[in-house]
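A.B. asks: Quick one: this structure, given as structure tokens, is what I'll be asking you about.
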Amino acid sequence: MIKDYKSAIENIRKELKIYIQTNNIKSLIAGISGGIDSALSIALAKPVCDELNIPLIGRSITIETNKADEISRAKFMGENFTSDFKEVNLTQGYKLISPFVVEKNLNEQENRAFKIRLGNIKARLRMIYLYDLASKHKGMVLSTDNYTELLLGFWTLHGDVGDYGMIQNLWKTEVYEMSRVLASDLENKNAQKALLDCVTAVATDGLGITNSDLDQIQAKTYEEVDEILIKLLKDENNLGKLANHPVIERKRNSEYKRNNPFNIPRNKITTVSYF
């Protein structure tokens with residue numbers, strides 16, 4: 001785990017600045033959910049964008065299942081950390097397009113797997129919107145995934161992966177702690193409150209699948225989740241009673257997502273086979 005969060009924050013901002021300058025990026029685009037990951041991402045990015053005089057464009061993109069408290073936190077974050085913030089509701093577009101792209105049976109309506117499929121469509125619609133903004137403003141979309149979610153496969157393929165990840169290699173518990181440290185240094189009290197509100201909020205993807213992310217992961221706390229995953233990475237053959245824990249099963253069953261897209265190696269194609 002990170003020992004010096006203030007140094008880590010400085011390092012992340014330094015790397016972001018170098019990347020923007022090297023690649024001539026003209027803007028940063030962020031989807032703001034009202035959750036801690038997107039909140040930390042824009043809080044990290046703001047001083048860099050201010051220094052380089054490029055816009056940090058934030059959008060709260062809701063689609064029917066987002067709760068009022070999520071929307072409120074997203075607005076509070078957007079107004080305090082971005083230079084261009086809007087609330088966008090894609091519910092009408094989602095309802096128009098989903099009948100054309102979803103194959104369903106009548107008995108599927110309350111099925112959890114079916115809800116996940118619909119959630120994936122919502123996530124992909126959000127990303128379409130963000131990438132169009134990036135094209136318009138010659139910018140890049142910030143990724144808001146963390147390392148815990150990466151290992152769990154807890155994201156939507158082609159729906160949640162941005163261009164640049166500042167927190168992709170941070171454990172979820174580190175995301176929370178870094179946010180607290182960053183908030184403690186903020187002089188603007190509204191900005192500080194906006195970030196801390198996201199720290200204390202119940203984590204949810206806003207897709208209407210369950211009441212919280214932890215419900216889907218089947219764990220009580222993120223401390224528990226990270227401890228299990230760290231133990232798995234250290235020695236997967238010595239898990240004991242944890243061997244069949246839902247967190248372990250989710251990690252194993254989502255390996256394909258971390259290897260996407262999978263391409264057959266050229267040597268496998270060109271090697272002469274003898275039968």
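The values are calculated or read from the model by the stated rules, or taken from the named source; none is laboratory data. Since the structure is predicted, the reported quantities are computational estimates derived from the model, not experimental observations. Methodologically, a virtual Cβ is constructed for each residue, glycine included, from the backbone with ideal geometry; neighbour enumeration extends over all protein chains shown.
To keep it simple, each residue is scored yes or no on (1) closer than 30 Å to TRP171 by Cα; (2) surrounded by fewer than 16 Cβ atoms within 10 Å (Cβ to Cβ).
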site: PHE85; (1), (2): yes, no
site: LEU96; (1), (2): no, yes
site: ALA113; (1), (2): yes, yes
site: ILE121; (1), (2): yes, no
site: LEU125; (1), (2): yes, no
site: THR148; (1), (2): yes, no
site: TRP155; (1), (2): yes, no
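A.B. asks: Please identify the pairs in which a residue from segment 181-198 that is part of a loop (DSSP other than H, G, I, E, B) and surrounded by fewer than 17 Cβ atoms within 10 Å (Cβ to Cβ) has its Cβ atom under 8 Å from the Cβ atom of a residue that is polar (S, T, N, Q) and modelled with pLDDT of 95 or more, counting only partners at least 6 apart or on another chain.
C.D. replies: ASN188/ASN80
A.B. asks: For segment 142-167, name all the residues that are hydrophobic (A, V, I, L, M, F, W, C) and within 22 Å of GLU10 (Cβ to Cβ).
C.D. replies: Hits for segment 142-167 are LEU142, MET166, ILE167.
A.B. asks: For segment 74-103, which residues satisfy the criterion of being assigned to a helix (DSSP H, G or I) and either touching a strand residue (DSSP E or B) at 6+ places or on another chain (Cβ under 9 Å) or closer than 17 Å to LEU28 by Cα (or both)?
C.D. replies: Selection gives ALA74, LYS75, MET77, GLY78, GLU79, ASN80, PHE81, THR91.
A.B. asks: Read through the list (1) closer than 28 Å to SER60 by Cβ; (2) modelled with pLDDT under 90; (3) part of a loop (DSSP other than H, G, I, E, B), then give the number of the only condition that TYR274 fails.
C.D. replies: Of the numbered conditions (1) closer than 28 Å to SER60 by Cβ; (2) modelled with pLDDT under 90; (3) part of a loop (DSSP other than H, G, I, E, B), the odd one out for TYR274 is (1).
A.B. asks: Somewhere in segment 208-218, is a residue modelled with pLDDT of 90 or more and touching a Ser or Thr at 6+ places or on another chain (Cβ under 9 Å)?
C.D. replies: Checking segment 208-218: not a single residue is modelled with pLDDT of 90 or more and touching a Ser or Thr at 6+ places or on another chain (Cβ under 9 Å).
A.B. asks: Just a yes or no: is a residue in segment 219-229 out of contact with any strand residue (DSSP E or B) (no Cβ under 8 Å at 6 or more places or on another chain), free of Cβ contacts under 8 Å to residues at least 40 places away in the same chain, in a loop (DSSP other than H, G, I, E, B) and surrounded by 18 or more Cβ atoms within 10 Å (Cβ to Cβ)?
C.D. replies: Quick first cut of segment 219-229, residues out of contact with any strand residue (DSSP E or B) (no Cβ under 8 Å at 6 or more places or on another chain) only: 219-229.
Then drop every residue that is not free of Cβ contacts under 8 Å to residues at least 40 places away in the same chain, which leaves 219-221, 224, 227-228.
Now narrow it down to the ones that are in a loop (DSSP other than H, G, I, E, B): 219-221.
Keeping just the survivors that are surrounded by 18 or more Cβ atoms within 10 Å (Cβ to Cβ) gives 219.
Within segment 219-229, one or more residues are out of contact with any strand residue (DSSP E or B) (no Cβ under 8 Å at 6 or more places or on another chain), free of Cβ contacts under 8 Å to residues at least 40 places away in the same chain, in a loop (DSSP other than H, G, I, E, B) and surrounded by 18 or more Cβ atoms within 10 Å (Cβ to Cβ).
A.B. asks: Please find, among LEU130, LEU142, the residue that is of a type outside the set (Lys, Arg), at pLDDT 95 or above and not in a strand (DSSP E or B).
C.D. replies: LEU130
A.B. asks: Let me ask another. What number of residues in segment 149-164 are over 9 Å from the mean Cα position of the chain (by Cα) and either among the acidic types (Asp, Glu) or farther than 18 Å from GLU255 by Cα (or both)?
C.D. replies: Qualifying residue count for the region: 2.
A.B. asks: Among the residues that make up segment 47-55, is at least one of them under 25 Å from TRP155 (Cα atoms) and not β-branched (Val, Ile, Thr)? It would help to see each step written out before you state the result.
C.D. replies: So the first thing to find is which residues in segment 47-55 are under 25 Å from TRP155 (Cα atoms), and the list is none.
The answer is no, given that none of the residues of segment 47-55 is under 25 Å from TRP155 (Cα atoms) and not β-branched (Val, Ile, Thr).
A.B. asks: Checking the condition at pLDDT 95 or above and either farther than 26 Å from TYR222 by Cβ or among the acidic types (Asp, Glu) (or both), which residue from GLU110, GLU79 passes?
C.D. replies: GLU79
A.B. asks: Just give me the residues in segment 53-66 being surrounded by 15 or more Cβ atoms within 10 Å (Cβ to Cβ), out of contact with any helix residue (DSSP H, G or I) (no Cβ under 6 Å at 6 or more places or on another chain) and outside any strand (DSSP E or B), in sequence order.
C.D. replies: ILE54, PRO55, THR65, ASN66 - these are the residues of segment 53-66 that are surrounded by 15 or more Cβ atoms within 10 Å (Cβ to Cβ), out of contact with any helix residue (DSSP H, G or I) (no Cβ under 6 Å at 6 or more places or on another chain) and outside any strand (DSSP E or B).
A.B. asks: Same structure, new question: Could you tell me which of the residues ASP69, ASP50, ASP84 is modelled with pLDDT under 95 and not small (Gly, Ala, Ser)?
C.D. replies: ASP69 is the lone residue from the list that is modelled with pLDDT under 95 and not small (Gly, Ala, Ser).
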